[in-house]
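One structure is given here, and the rest of the page talks about it.
The values are calculated or read from the model by the stated rules, or taken from the named source; none is laboratory data. Just so it is clear, the model here is predicted, and its values are computed rather than measured. Glycine gets a Cβ as well: all are built from the backbone with ideal geometry, and neighbour counts include every protein chain shown. The accessibility values were calculated without ligands, DNA or RNA, using every heavy atom of the protein model including side chains. Shrake-Rupley method; radii C 1.70, N 1.55, O 1.52, S 1.80 Å.
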Amino acid sequence: MDKSKRLFLKPKRFFRRRLPPIQSGDRINYKNMSLISRFISEQGKILSRRANRLTLKQQRLITIAIKQARILSSLPFLNNEKRFLNNEKPFEKSESNARTTTTGLKKKK
């Protein structure tokens, strides 16, 4: 090849093939909590297929298994642990949230 033709060729990219997240021996089932928990975000949402690197069939089976586990109460619908880090109760009014009075406002003349 001429040097002029070599300039326009893109170099080959070598990439390492990632291992699939679900091995051939893993069973996708609502009882398999260790497998299901890998495909749920910290907030309790089902992660996308692109983020999971799953096939379409595997993603459908994971989604069904997660929904079954939620219905059977072995998995929560939402994960609210982040909201109450300071040991506050969810609907308790604290002093910092109370509205201020209008005593500090100046009257216009």
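Table for the structure above
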{"item": "Protection proxy ranking, peptides 58-66, 41-49, average beta carbon neighbours within 10 Å, highest first", "result": "58-66, 41-49"}
{"item": "Accessible carbon and sulfur surface of segment 33-72 relative to its total accessible area, %, 1.4 Å", "result": "56 percent"}
{"item": "Point-to-point label distance, SER24-SER37, nm (Cα→Cβ direction, 7 Å offset)", "result": "2.8 nm"}
{"item": "About the Cα centre, charge dipole magnitude for segment 33-72 (Lys/Arg +1, Asp/Glu -1 at Cβ), debye", "result": "200 debye"}
